Amino acid sequence: MSVARKVRYYAGAEAIAAFVTPLREYSMSAERKHREEIVRYGRMLHERGFVAAMDGNLSVRLDSERILVTPTCISKGAMRAGDMVIVDLEGERVAGRRNVTSEIGMHLLIYRSRPDITAIVHAHPPTATGFAAAGMPLTEPLVCEVVMGLGCIPLARYGTPGTSELAKTLEPYVPHYDAILMSNHGVVTYGDTIEHAYMKMETVEHFAQIALVTHLLGGSSR
């Protein structure tokens with residue numbers, strides 16, 4: 001290789017490296033941010049009593065091939081950023097030391113069905129889960145903010161947690177709703193950020209509390 005060609009080769013390699021390195025650093029920085037956000041909102045779920053013991057799971061879509069998700073068998077109030085697991089679109093672990101949540105199938109279904117969704121929260125907020133256990137969807141238009149923000153909150157039939165059956169029960173609802181009650185199980189919400197997915201969980205529980213008081217007072221049944 002001539003001296004001139006060597007100069008051009010190394011100049012080209014440096015230019016590529018100069019382009020790729022910031023992208024890699026940005027990707028790593030974004031992943032760190034998502035890890036920290038999952039820790040934050042997991043702690044908020046625990047502090048508000050939306051999960052107990054090792055219940056619940058959260059995830060964020062990192063890119064078209066990878067999902068960052070909470071592991072199994074860990075309190076959502078005691079997680080650290082390094083506890084998270086990265087899985088591929090088949091739910092296979094590609095990074096992380098801990099085991100993948102048994103409910104990863106539910107997350108994969110939502111991401112496959114909704115390209116606009118980048119974050120998912122699953123929890124067991126007591127009042128909303130009570131409605132789910134009683135077989136009662138949250139579909140009455142009692143509060144205009146909920147109607148405008150979420151529409152109604154349907155009830156999916158029971159599916160055994162940790163099995164493909166659970167994902168199948170959600171499939172009819174995922175394309176049309178951003179929050180779903182799961183019979184005898186809990187609630188799943190999702191959005192374009194982990195913050196928005198979490199806020200929808202708060203909204204569902206708040207609405208369930210209003211609906212419960214309305215029923216106790218003999219109020220509207222439309």
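The values are calculated or read from the model by the stated rules, or taken from the named source; none is laboratory data. On a predicted model such as this, the values are computed, not experimentally measured, just so you know. All Cβ positions, even for glycine, are placed from backbone atoms using ideal geometry, and neighbour counts span all protein chains on display.
Residues in the range 58-77 that are hydrophobic (A, V, I, L, M, F, W, C) and either without any contact (Cβ under 8 Å) to a residue 24 or more places away in the chain or under 14 Å from Val94 (Cα atoms) (or both) were compared, and the one that is surrounded by the most Cβ atoms within 10 Å (Cβ to Cβ) is Val69.
Of the residues making up the range 152-163, those that are over 20 Å from Gly219 (Cα atoms) and in a loop (DSSP other than H, G, I, E, B) are Pro154, Arg157, Tyr158, Gly159, Thr160, Pro161, Gly162, Thr163. Within the range 151-166, the set of residues being farther than 20 Å from Ala133 by Cβ and under 18 Å from the mean Cα position of the chain (by Cα) comprises Ser164 only.
Look at Arg157 and say whether it is free of Cβ contacts under 8 Å to residues at least 40 places away in the same chain, loosely packed, with under 14 Cβ neighbours inside 10 Å and either β-branched (Val, Ile, Thr) or closer than 29 Å to Arg43 by Cβ (or both).
Criteria not met by Arg157.
Checking each residue in the range 61-90 for being under 14 Å from the mean Cα position of the chain (by Cα) and part of a loop (DSSP other than H, G, I, E, B) picks out Leu62, Arg66, Thr70, Lys76, Met84. Restricting attention to the range 119-150 and to residues that are within 19 Å of the chain's Cα centre (by Cα) and assigned to a loop (DSSP other than H, G, I, E, B), the residue that is farthest from Ile86 (Cα to Cα) turns out to be Pro125. Of all residues in the range 178-198, at least one satisfies being within 14 Å of the chain's Cα centre (by Cα), among the aromatic types (Phe, Trp, Tyr), outside any helix (DSSP H, G or I) and surrounded by 21 or more Cβ atoms within 10 Å (Cβ to Cβ). Of all the listed residues (Leu58, Leu108, Leu45), the sole one being at pLDDT 95 or above and assigned to a strand (DSSP E or B) is Leu58. Of all residues in the range 174-207, those that are under 16 Å from Arg157 (Cβ atoms), aliphatic (A, V, I, L, M) and touching a residue at least 60 places away in the same chain (Cβ under 8 Å) total 3.
Residue pairs whose Cβ atoms lie under 9 Å apart, separated by 6 or more positions or on different chains, with the first residue in the range 85-108 and farther than 18 Å from Thr189 by Cα and the second of a type in the set (Lys, Arg) and outside any loop (DSSP other than H, G, I, E, B), are Val85/Arg93; Ile86/Arg93; Val87/Arg93; Leu89/Arg112; Asn99/Arg93; Val100/Arg93. Among the residues of the range 144-178, those identified as of a type in the set (Gly, Ala, Ser) and farther than 20 Å from Ile117 by Cα are Gly159, Gly162, Ser164.
Only one entry in Tyr177, Tyr158 is touching a Cys at 6+ places or on another chain (Cβ under 8 Å) and at pLDDT 90 or above, namely Tyr177.
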